[in-house]
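Just so you know, all these numbers are worked out from the coordinates, no wet-lab data involved. This structure is a prediction, so every number in the text was calculated from the model and none was measured. Methodologically, a virtual Cβ is constructed for each residue, glycine included, from the backbone with ideal geometry; neighbour enumeration extends over all protein chains shown.
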Amino acid sequence: MAEEAEAILEVGGLVKHYPLTQGVLFRKEVGSVRAVDGVDFTLRRGETLGIVGESGCGKSTVARMLVNLERPTAGAIRYKGEDITRLSGRALKAVRRNIQMVFQDPYTSLNPRMTVGDIIGEPYEIHPEAAPRGERRKRVRELLDVVGLNPEHINRYPHQFSGGQRQRIGIARGLALRPEVIVADEPVSALDVSVQSQVINLMDRLQSEFDLSYVFIAHDLSIVRHISDRVGVMYLGRIVEIGTDTEIYDHPTHPYTQALLSAVPVPDPEARAHRERIILTGDVPSPTNIPSGCRFRTRCWKARERCAQEVPTLAVPLHLGDPAGPAAHDSACHFAEAVSFGRSAPGQTVLPEPTP
Ligand SMILES: Nc1ncnc2c1ncn2[C@@H]1O[C@H](COP(=O)(O)OP(=O)(O)OP(=O)(O)O)[C@@H](O)[C@H]1O
Ligand code: SF4
Ligand SMILES: [Mg+2]
């Protein structure tokens, strides 16, 4: 993946706060859920940016804003330089074609009363300019073929397919408008491990075939490493560390990333013996009541006074020395520290080859 590829999505200061109300008759705003609280990243053409983080950290909320299912409270989402959060009407519709979503649960995200042909062809109803009416069935058959399904099954219903096949249907629908960006929100989390690798391999192939850029969201760190060029780690509505897969998995500098990685099982017994497991204490704070300063400080074993007072910015920590070294990547910690996970790094799990 060339580092210099064009920036296709630039996300800056992205915020989504949901009002917290009380009372039935006289609804009063008593606070807000800070689901996404200042997220910045760039997605380059042809790359996969993985986003990982614990449940509730705001991953899906970011995804929904990227595909315009929700409007941000603040911040910008630039698609090829144009802020799509400011667009409306026809201009917005034209941009939306290019950024499509693949959802998590193939069992609930497909309408059980529609045939797969109608499901995959549905985007053409919303964007009729994308394919002339007479050509749509042919395109849907081609899409079925592209994702490895039998085009003859165009009139079947979702329940007649397995979980993995249904996710292929979801991917075919995501591809119908020939988008440039696919936002995949936990696309394989609901699938068996062996099926997961088939779907990941399919997404890999489609990426080169159709020159796609992916935002790939998951909580499984091994899967994210398998597919991502770069990885962003989220905690309580913010990205706390972001870098290439090697930087994040082998040279994490943020205590939260180090803790997450230490909890991933390592297949090699020797490496396992050398690795220290970091157990995080305390619960994730509520997004309605985010700690002052560093939001991770209530669970961080390295927290000091400064952490409660000063919000750490997401930047390359200057005190780490070697500006060209693998530890020199963005990390939001006052006391970021280079730790070489080296051989014991997780994510080396070899996913099984797909079965024919
Ligand atoms: N419509 C909403 N109204 C109020 N709060 C919401 C709404 N949608 C999400 N939230 C809250 O925002 C936070 C982030 O939710 P989100 O679904 O983005 O997390 P996630 O990282 O995708 O979690 P998971 O891994 O479980 O899918 C959560 O605390 C959630 O309860
Ligand atoms: S800024 Fe402080 S509390 Fe936050 S991660 Fe770094 S050491 Fe921990
Ligand atoms: Mg989610």
message: I'd like the distance between the alpha-carbon centres of the range 119-139 and the range 169-203, rounded to an integer number of Å.
response: 20
- line: For 210-219, 10-19, ranked highest to lowest by mean beta-carbon neighbours within 10 Å, the order is 210-219, 10-19
message: From the mean inverse distance of alpha carbon pairs (Kirkwood) and the Cα radius of gyration, derive Rg over Rh for the chain.
response: 0.98
- request: Could you tell me the convex hull volume per residue, in Å³, taken over the Cα atoms of the range 180-310?
  value: 144
message: Can you tell me what percent of all Cα-Cα pairs in the range 58-187 are more than 23 Å apart?
response: 34
field: Order by protection proxy (mean Cβ within 10 Å, highest first), peptides 68-81, 229-242
entry: 229-242, 68-81
query: Considering the alpha-carbon set of the range 12-111 alone, what are its Rg and its Dmax in angstrom?
result: 15.6, 51
query: Could you state the principal axis extents of the C-alpha atoms in the range 192-246, from the largest down, to the nearest angstrom?
result: 32, 27, 21
query: Do any of LYS16/LYS93; LYS59/LYS302; LYS59/LYS93; LYS59/LYS80; LYS28/LYS302; LYS59/LYS138 go past 32 Å between their Cα atoms, and which?
result: LYS28/LYS302; LYS59/LYS138
Local electrostatic count, GLY134, Cβ distance below 15 Å [Lys/Arg +1, Asp/Glu -1]: +2
Principal axis dimensions, largest first and in whole angstrom, of the range 1-41 by Cα: 56, 13, 12
- prompt: Once the other residues with Cβ under 11 Å from the Cβ of GLY121 are scored (Lys, Arg +1; Asp, Glu -1), what is the net sum?
  reply: +3
query: Share of antiparallel DSSP beta bridges in the chain, in percent to the nearest 5?
result: 65
